[in-house]
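Participant: Could you have a look at this structure, given as structure tokens, before my questions?
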Amino acid sequence: MSFKNASSFSRIPTAIQLNLAKNQRVLGIILSVSPAQLKPYIKDCVVNEESLMIYVSSAVWASQLRFCSAQIQTAVNTQSKENIKKVRVRVLTATPFKAEKKSPKIIPSAENIESLRNNAYALPEGRLKNALLSLTNTLLKQNK
């Protein structure tokens, strides 16, 4: 899944559209003062009160952009009506909404479960014996 700017969605209320337009203007300022090699990796920004969050596509470029944060802050404050006091840089993950795959359950064979059960019966009474017998019962149920 690729990153989509919020402005690419239709039917957005006017207040949100104005906020998006402001963020796009600030993004333009950021791009104008950023080094050329960083520009392709700067994806978006959000102005929230006195804080500016810049989103990039890679952790490597995020660390490089952090070196320019004072320069960016000065440019945004002088070229816009913003009063930014803090610049933060965050990385957009390549697949932000990808569900993690669960690893398959590995259940021992019936012979191994039976061997574990026989060894549990040979133990003296106690918590370990009870735990192993409970485990073998659970494994036998799942093995069916």
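Since every read-out is calculated from the coordinates, none of them should be taken as a lab result. Predicted model only: the values in this text are computed from it and were never measured. Note that each Cβ is placed from the backbone with ideal geometry, even for glycine, and that neighbours are counted across all protein chains shown.
Participant: 222 nm [θ] for the chain, helices only, -39500 (n - 2.57) per DSSP H run of 4+, per residue, to 500?
Facilitator: It lands at -15500 deg cm²/dmol.
Participant: Oh, and also: Quick check on the exposure proxy: order T93, T136 from fewest to most C-beta atoms within 10 angstrom. Show your work: numbers first, answer last.
Facilitator: Working: T93 11, T136 21.
Listed from fewest to most nearby Cβ atoms, that is T93, T136.
Participant: Compare L133, L65, L20 in a GNM of the chain, Cα atoms joined below 10 Å, and give the one with the largest fluctuation.
Facilitator: L133
Participant: Could you tell me which residue out of I113, Q37, V87 lies farthest along the dipole of the range 29-144 toward its positive end? Charges go on the beta carbon: Lys and Arg +1, Asp and Glu -1, centred on the Cα centre.
Facilitator: Result: I113, furthest along the dipole toward the positive end.
Participant: Defining a contact as two alpha carbons under 8 Å apart and six or more residues distant in sequence, what relative contact order in percent does the chain show? Intermediate results must be reported in sequence, preceding the final value.
Facilitator: Details: 143 pairs, mean separation 28.0, N = 144.
That works out to 19 percent.
Participant: Okay, moving on. Semi-axes of the equivalent ellipsoid for the chain, please: Cα gyration tensor eigenvalues, times 5, square-rooted, ordered largest first, whole Å. Present the calculation step by step, with values, prior to reporting the outcome.
Facilitator: Details: eigenvalues 691, 64, 43 Å².
For the chain, the ellipsoid semi-axes come out as 59, 18, 15 Å.
Participant: Pick from K43, K101, K129: which residue has the top mean-square fluctuation in a GNM of the chain where Cα pairs under 10 Å get a spring?
Facilitator: With Cα springs under 10 Å in the chain, the top fluctuation among K43, K101, K129 is at K129.
Participant: Nearest 10 degrees is fine. How inclined is helix 110-122 to the longest principal axis of the chain, computing both from alpha carbons?
Facilitator: Taking the Cα atoms of the chain, the angle to 110-122 is about 60 degrees.
Participant: Can you give the net charge of the other residues whose Cβ lies under 13 Å from the Cβ of R25, counting K and R as +1 and D and E as -1?
Facilitator: Net charge in that neighbourhood comes out at 0.
Participant: Between E49 and L132, what is the spin-label point distance in nm, taking each point 7 Å from the Cα along the Cα→C-beta axis?
Facilitator: 6.0
Participant: Still on this structure, I have one more. Compare P13, P124, P40 in a GNM of the chain, Cα atoms joined below 10 Å, and give the one with the largest fluctuation.
Facilitator: So, out of P13, P124, P40, the one fluctuating most is P124.
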